[in-house]
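Notes to accompany the following structure.
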Amino acid sequence: MDTLGRIALYLFIVMALLTLRLWELAHLALPLIVILAAQVALCWLMCVTMSFWVMGRDYESAIMASGFCGYMLGITANAVACMEELVEKYGPAPEAFLVVPVVGAFLIDFTNSLIITTLANWLR
């Protein structure tokens, strides 16, 4: 199952990249690089300080911080992939694999949809 999932992910990435028309986006390269650098710096700062410290400063909190980093730089699948890399190298962290996907996939997505809907209706 893991192999099939990886193959599907690789195929998705290739198909997504093949459909991009990069020449139309060339004028956005510098602003995107600046935004990406700021996002990575803020993500690193939040993961090293807030996420790691608040979760308890132990191995489980380090794995959760890596999941938080993956989530901040992408989606829940990135969070799980970041955590899996560390778990393969350093050992299991079951609490992290319970907390991060539940919070990332369900609680934050539902909260974001409520906030966005509320603000869209308020600004209308």
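The values are calculated or read from the model by the stated rules, or taken from the named source; none is laboratory data. None of the values given here were measured: they were computed from a predicted structure. As a convention, Cβ positions derive from the backbone with ideal geometry for all residues, glycine included, and neighbour counts pool all protein chains shown. Only protein heavy atoms, including side chains, enter the accessible area calculation; ligands, DNA and RNA are left aside. Shrake-Rupley method; radii C 1.70, N 1.55, O 1.52, S 1.80 Å.
Can you tell me the length gained on complete extension of the stretch Leu25 to Gln39, counting 0.36 nm per residue apart and subtracting the Cα distance?
Contour length minus Cα-Cα distance gives 3.1 nm.
Met50 label point, 7 Å along Cα→Cβ, cut-off 19 Å on backbone N: hits in the range 85-124?
99-116
So for the pair Asn121, Ala77, with labels modelled 7 Å out along Cα→Cβ, what separation do we get in nm?
Result: 3.2 nm between the two label points.
Solvent-accessible area of Met50, probe 1.4 Å, all protein chains present, reported in Å² to the nearest ten, please.
100
Divide the volume of the convex hull of the Cα atoms of the range 62-106 by its number of residues and quote the answer in cubic angstrom per residue.
Given the Cα convex hull of the range 62-106, per-residue volume reads 50 Å³.
Per residue of the range 52-69, in order, report the coupling 6.51 cos²θ - 1.76 cosθ + 1.60 (Karplus, θ = phi - 60°) as ³J(HN,Hα) in whole Hz, putting x for Gly and Pro.
5, 5, 5, 7, x, 6, 10, 4, 4, 5, 5, 5, 5, 5, 5, x, 4, 4
³J(HN,Hα) across the range 75-89 via Karplus (A = 6.51, B = -1.76, C = 1.60, θ = phi - 60°), whole Hz, x for Gly/Pro?
9, 4, 4, 5, 4, 5, 5, 4, 5, 4, 4, 5, 5, 4, 8
So how do 84-93, 14-23 stack up, highest first, on mean other-Cβ count within 10 Å?
Sorting 84-93, 14-23 by mean packing, highest first, produces 84-93, 14-23.
Quick one: compute the contact order of the chain, relative version, from alpha carbon pairs under 8 angstrom and 6+ residues apart, as a percent.
15
Once each part is reduced to its C-alpha centroid, what is the distance from the range 20-40 to the range 68-108 in angstrom?
26
Charges at C-beta only: +1 for Lys and Arg, -1 for Asp and Glu. How large is the resulting dipole of the chain about its Cα centre, in Debye rounded to 20?
With Lys and Arg at +1 and Asp and Glu at -1, about 400 debye.
For the chain, what does the helix formula give at 222 nm: sum of -39500 (n - 2.57) over DSSP H segments with n ≥ 4, over the residue count, nearest 500 deg cm²/dmol?
-23500 deg cm²/dmol
Can you give me the convex hull volume of the Cα atoms of the chain, divided per residue and expressed in Å³?
Residue-normalised Cα hull volume stands at 166 Å³.
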